[in-house]
Amino acid sequence: MAEAVVLVEGESDRVALETVAALLGRDLVGVRIEVLGGATNVGRVLGTLGEGTRVLGLYDEPEERWFCNGLQRAGFGKVHDRRDLEMLGFFACVRDLEDELIRALGATRVRGVIEEQGELASLLTFQRQPAQRQRTPEQQLHRFIGTRSGRKALYARLLAEALVPEHVPRPLASLLSRL
């Protein structure tokens, strides 16, 4: 039985969390990372956990209400807002975790990681598309990372590996400090 369960919305979140834990020298033995397959599943998954299970999590800011409602229905008391969620060990990623990683590294470093993967030509082609021309470099990078199956998880790992401990995004650092 796990001593703690960490709820994350998607597979890329799991990969990033495990990678950052390794970067920070945090051992996740006894921690089960549960991929929800989307924020709307939080209530259902909470209902499958045994009573007294220590539960923490990461979520995307736009999905905050699902976590508030799910935790409240699962018996965690009144959960109204982000402050309540943080007290319970749930931390918001502004927009999403990919956005947090891009912001922590900066567009130039993320582009370098993409180049190291041999995908710079694909990125440049993508950036020239009419729908991308008005977006910021950070928005383009975020969208590029999500355009192909498996790319989000791949770049979650690569971007997390590119971090230095001082620049770990707050939601990840806060969650890992509570484990």
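The values are calculated or read from the model by the stated rules, or taken from the named source; none is laboratory data. This structure is a prediction, so every number in the text was calculated from the model and none was measured. Cβ sites come from the backbone with ideal geometry, for glycine too, and all protein chains shown count toward neighbours. Areas reflect the complete protein model, heavy atoms only, side chains present, ligands, DNA and RNA absent. Shrake-Rupley method; radii C 1.70, N 1.55, O 1.52, S 1.80 Å.
When you look at L159, is it farther than 30 Å from G50 by Cα, in contact (Cβ under 8 Å) with a residue 40 or more places away in the chain, touching a Pro at 6+ places or on another chain (Cβ under 7 Å) and hydrophobic (A, V, I, L, M, F, W, C), yes or no?
Here the answer is no, as L159 does not meet what is asked.
Output the number of the condition that A92 fails; it satisfies all remaining conditions of (1) in a helix (DSSP H, G or I); (2) surrounded by 15 or more Cβ atoms within 10 Å (Cβ to Cβ).
Status for A92: all satisfied but (1).
Could you tell me whether R111 is more than 16 Å from the chain's Cα centre (by Cα), over 24 Å from V168 (Cβ atoms) and open to solvent by 40 Å² or more (accessible area, probe 1.4 Å)? It would help to see each step written out before you state the result.
On the way: more than 16 Å from the chain's Cα centre (by Cα): yes; over 24 Å from V168 (Cβ atoms): no; open to solvent by 40 Å² or more (accessible area, probe 1.4 Å): yes.
Considered against the rule, which asks whether it is more than 16 Å from the chain's Cα centre (by Cα), over 24 Å from V168 (Cβ atoms) and open to solvent by 40 Å² or more (accessible area, probe 1.4 Å), R111 comes out as no.
Starting from segment 30-58, take each residue that is more than 9 Å from L7 (Cβ to Cβ) and list its partners that are of a type in the set (V, I, T) and not in a strand (DSSP E or B), counting only C-beta distances under 9 angstrom and pairs at least six apart or across chains.
G37/V45
Please enumerate the residues belonging to segment 13-57 that are more than 17 Å from R170 (Cα to Cα) and of a type in the set (G, A, S).
Start the filter on segment 13-57 by keeping residues that are more than 17 Å from R170 (Cα to Cα), which leaves 27-55.
Residues satisfying the conditions are G30, G37, G38, A39, G43, G47, G50, G52.
Please give the helices (runs of 4 or more DSSP H) falling wholly within segment 95-179 in which 3 or more residues are modelled with pLDDT of 95 or more, out of contact with any strand residue (DSSP E or B) (no Cβ under 9 Å at 6 or more places or on another chain) and among the aliphatic types (A, V, I, L, M). Reasoning before the result, please.
On the way: elements: 97-105, 107-116, 120-128, 137-145, 151-162, 170-178.
Filter on segment 95-179 gives 97-105, 107-116, 120-128, 151-162.
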